[in-house]
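Take a look at the structure below.
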Amino acid sequence: MADNYLERRMEDLRSGRLRNAAAPAASPARKGEIRVSFPARRVLVTGGAGGIGLAVTRAYLKAGCKVAVMDIDREAGERLAHDEGVRFYNTDISDRDALENALDNLLTAWKDIDIVVSNAGISLFQPLVESDPQTFDHIIATNLRPTYIIARVWARHRRRYPLPNSFGGRMITISSTRHMQSEPGTEGYSASKGGIASLTHSLMMSLSEFGITVNCISPGWIHTGDPSILTESDRNQHPSRRVGTPDDIARVCLFLSLPDNDFINGADIPVDGGMTRKMIYI
Ligand code: NAD
């Protein structure tokens, strides 16, 4: 039996009595729910009409932001504009002129952008011997070059119109754990995502003068379809014992967008249930 105050407190802690007494009321938040609110930040999400991008779009809308989406999927984008009030640009971001025109239009309408989530991408895999350089170029033009073009247009705009913007900005790029590990036949995709990881720290340096931080999220397996098709082995191979969801990525975007989180800069954040740290010997 403890005979002084500190020892009694330690005993209480170990037995769980103290934790129970001090425990906050159970949160009514649903697992996976995102609870953040921002001032009405102006957010651009590429590929924001489907998959991970759609979850990102909805997370920022729910947090009180204005969201513009650039996406090649006209039907999904127009539905999103009509039902949820996003500003939609039906843009193929691999087309430099189309992307720059859409960006000019957005900057004219909004005067500036606060947050960019450069998310749109294609996963095209081809066995090396059957692959062709045109497809390789197309993957790079879709997955890598638009992030550079968006940053360039944004920086030129900030240089020309140095608006007082105490928040500065956030650029969040979406790479993949495939920039660190590979299966056969993924040359174009891996190269594009490795490019994103490197471009991220390069842009961090260049956009620093505008107060914009640049970070990269590297998703692992993020299931964007019907979760009922996932198997036990799909789940259990992950140290986190589940497959990722689009909201897993959206929550990291919100976290990086918090005003105080401007000391996270140039990072590559894997969101992969632990798969890239799992050692495998067969
Ligand atoms: P997705 O195919 O479900 O959605 C991609 C979105 O981008 C769609 O709305 C699509 O219409 C749009 N898009 C595609 N090409 C475009 C173009 N040329 N111009 C404009 N919009 C275009 O893909 P996702 O799984 O949501 O992936 C989103 C990002 O996350 C991609 O960059 C992808 O490489 C990356 N990623 C995904 C996973 C995963 O497991 N889902 C894993 C690692 C990385």
Candidates ILE174, ILE113, filtered to the one that is on the phi < 0 side of the Ramachandran plot, within 14 Å of the ligand (Cβ to nearest atom), crowded, with 20+ Cβ neighbours inside 10 Å and among the aliphatic types (A, V, I, L, M): ILE174
Qualifying positions in the range 237-282 - of a type outside the set (D, E, K, R), under 20 Å from GLY53 (Cβ atoms) and assigned to a helix (DSSP H, G or I): PRO246, ILE249, ALA250, VAL252, CYS253, LEU254, PHE255, LEU256, SER257
Which one of these is of a type outside the set (D, E, K, R) and in contact with a Leu (Cβ under 9 Å, 6 or more places away or on another chain): ILE174, ILE122, ILE139? ILE139
Taking the range 248-267 only, how many residues are closer than 14 Å to VAL117 by Cα and within 16 Å of the ligand (Cβ to nearest atom)? 6
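Yes or no, residue by residue, for (1) of a type in the set (A, V, I, L, M); (2) under 21 Å from HIS179 (Cβ atoms); (3) in contact with a helix residue (DSSP H, G or I) (Cβ under 7 Å, 6 or more places away or on another chain):
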| site | (1), (2), (3) |
| --- | --- |
| ASP248 | no, yes, no |
| ASP260 | no, no, no |
| PRO270 | no, yes, yes |
| ARG277 | no, yes, no |
One residue from GLU130, GLU100 being within 14 Å of the ligand (Cβ to nearest atom) and of a type in the set (D, E, K, R): GLU100
I want to confirm something. Restricting to the range 170-195 and keeping residues that are without any contact (Cβ under 8 Å) to a residue 60 or more places away in the chain and of a type in the set (A, V, I, L, M, F, W, C), which single residue is nearest to GLY121 (Cα to Cα)? ALA191
If you scan the range 81-97, which residues turn out to be part of a strand (DSSP E or B) and either away from the ligand (no atom under 12 Å from the Cβ) or among the basic types (Lys, Arg) (or both)? ARG87
Just checking, does the range 217-236 include any residue being crowded, with 16+ Cβ neighbours inside 10 Å, at pLDDT 95 or above, of a type outside the set (Asp, Glu) and away from the ligand (no atom under 12 Å from the Cβ)? no
Search result, residues across the range 73-90 that are touching a helix residue (DSSP H, G or I) at 6+ places or on another chain (Cβ under 9 Å) and in contact (Cβ under 8 Å) with a residue 24 or more places away in the chain: ALA76, LEU80, GLU84, GLY85, VAL86, PHE88
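Looking at ALA68, ALA49, ALA55, ALA76 in this structure, which one is within 26 Å of ARG96 (Cα to Cα), within 12 Å of the ligand (Cβ to nearest atom) and either outside any helix (DSSP H, G or I) or at pLDDT below 85 (or both)? Break it down into steps so the answer makes sense when it comes.
Details: ALA68 fails: within 12 Å of the ligand (Cβ to nearest atom); ALA55 fails: either outside any helix (DSSP H, G or I) or at pLDDT below 85 (or both); ALA76 fails: either outside any helix (DSSP H, G or I) or at pLDDT below 85 (or both).
When all the criteria are applied, what remains is ALA49.
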Out of ASN90, ASN101, ASN105, sole residue that is touching an Asp or Glu at 6+ places or on another chain (Cβ under 8 Å), surrounded by fewer than 21 Cβ atoms within 10 Å (Cβ to Cβ), of a type in the set (S, T, N, Q) and under 18 Å from THR147 (Cα atoms): ASN90
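The values are calculated or read from the model by the stated rules, or taken from the named source; none is laboratory data. Computed from a prediction, not measured in an experiment: that's the story for all the values here. Methodologically, a virtual Cβ is constructed for each residue, glycine included, from the backbone with ideal geometry; neighbour enumeration extends over all protein chains shown.
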